[in-house]
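To keep things clear, I will list the structure first and then write my remarks on it.
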Amino acid sequence: MKKSFLAATFLGLCVLALPLQAQVTGDGSIASKVESLGEMANLKVSDLRVVARRDGLLRVQVTITNESSANEQLYYRFRWLDNDGLVVWEEEPWKPEVVYGLQSKILTGIAPTFQATDFRLEVQSPNNSVTSNPPPGSIIRQ
Amino acid sequence: MNRHKLTKTLLPALAVLALAACQTNSPVVGDGSVSYGDAKAVEAVTTDLGSTDIQTTAETMTRSLLQHPVIQTAIRRRELLVASPVQNKTSEYFDTSLITDTILAQLQKNGMRYVVEGANMQNQVDELRRQNQSGLYKKSTTAKIGGMHGAKFRLDGSVSSITKKNNSMKDVYYKINLRLIEIETGIVEWSDEKEIRKSAKR
């Protein structure tokens, strides 16, 4: 009896310690989360992880890989959304980041508010190319 | 030949006129020499501390604070915070309250409460005195003297820089350090740093 109670408590604690996977709307793929201003020529979003811990703050980790041997300038920012897709925080400042040739760089984002349950990552690089003549102001999904 | 020339010059002119007729007037007064830009754009005008540095520093610090258990508990228990003046140890002038004001505003959106800091205390004291000593106000509506709340935590910090120059370039390294101190004990409960490197060709 005592043993089974201990085991149950242990299991319960294990479950509590596990990070909660965030509810990701859409198909949950990288393409559905990344909005690129133009087509990224040399920089690629190679990995994307989202976790909502018990404190309720969404944490995002993005790996950007530079496929060229030259240094690339990246500008990025996150947009934080709630369950209904509404923006829950003001526009973030664009953040400059240098990615060295052939480097993989990890960018982290922490939600600014407990209300955020979803996000979008906006990325821009001066070497971005625009193919098939999209209308001005349109966003190409990577 | 002449007719051909006419169509070549007249048609585009007519097209431009037609397009101009389609345009609407923007609700702007001015000759176009002044324009509004993106306040969130990356500002790289000089190596001095600029808007992007202030914004990204405030953002990094707020997010770091917000995920710290001390702040999360303070939000739940409705504990109070106050911002001490952040020291500017660099050689250039800028208002460090730009950073702390943003941090306080962003934390408050998440439920954190803060009290009036020393620099703004005079207005608070003036108002309390006016209500209590001028004899102009109805007794039942005046805010009583001696009821202000003291903060439990204090936000403090400094901004430092190292500047290097040679014939071809200038390099500035900024380090912004912020700390959250429990006022009664003096214990630093949280601290974080933000580093910025800015280089310019000379």
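Brief remarks on what is shown
- A straight chain from residue A:70 to residue A:104 at 0.36 nm per residue would run longer than the Cα-Cα distance by 10.9 nm.
- Protein accessible area in chain B, 1.4 Å probe - carbon and sulfur %: 53
- Cβ-Cβ FRET estimate between residue B:127 and residue B:44, R0 fixed at 51 Å, reported to 0.05: 0.75
- You can think of it this way: the chain between residue B:145 and residue B:108 has 10.8 nm of extra reach, that is 0.36 nm per residue less the Cα-Cα gap.
- For the set A:29, B:91, the ranking by accessible area, highest first and with no ligand, DNA or RNA atoms included, is B:91, A:29 under a 1.4 Å probe.
- Shown for the range B:23-53: residues covered by the partner protein chains by 40 Å² or more of accessible area relative to the chain by itself (probe radius 1.4 Å), namely B:40, B:42.
- Hits among aspartates and glutamates - C-alpha to C-alpha of residue B:138 under 16 Å, sequence gap 8 or more where chains match: B:127
- 16 Å Cα-Cα reach of residue B:40 towards aspartates and glutamates, excluding residues that sit fewer than 8 places from it in its own chain: A:90, A:91, A:92, A:97, A:122, B:53, B:59
- Extension gain, residue B:87 back to residue B:33 (0.36 nm per residue minus Cα-Cα distance, nm): 15.7 nm
- Cross-link check: pairs A:95/B:194; A:95/B:109; B:164/B:201 evaluated at a Cα-Cα cut-off of 18 Å; pairs beyond the cut-off: A:95/B:109.
- Per-pair calculated FRET efficiency, R0 = 45 Å: residue B:67 and residue B:136 via Cβ, rounded to 0.05: 0.40
- Estimated [θ] at 222 nm from DSSP helical runs (n ≥ 4, -39500 (n - 2.57)) normalised by residues in chain B, nearest 500: -11500 deg cm²/dmol
- Computed P(r) (all Cα pairs; chain B; 10 Å bins; percent): 7, 22, 21, 17, 13, 9, 6, 4, 2, 0
- A/B buried area, accessible surface, summed, 1.4 Å probe, Å²: 1600
- Degrees between helix B:121-133 axis and first principal axis of chain B (Cα, 0 to 90, nearest 10): 60
- Label-reachable residues, the range A:78-96, where backbone N falls under 19 Å from a point 7 Å from residue B:197's Cα toward its Cβ: A:95-96
The values are calculated or read from the model by the stated rules, or taken from the named source; none is laboratory data. Everything quoted here is computed from the prediction, not taken from an experiment. When we count neighbours, we look across all protein chains shown, and the Cβ atoms used for this are built from the backbone with ideal geometry, even at glycine. Areas reflect the complete protein model, heavy atoms only, side chains present, ligands, DNA and RNA absent. Shrake-Rupley method; radii C 1.70, N 1.55, O 1.52, S 1.80 Å.
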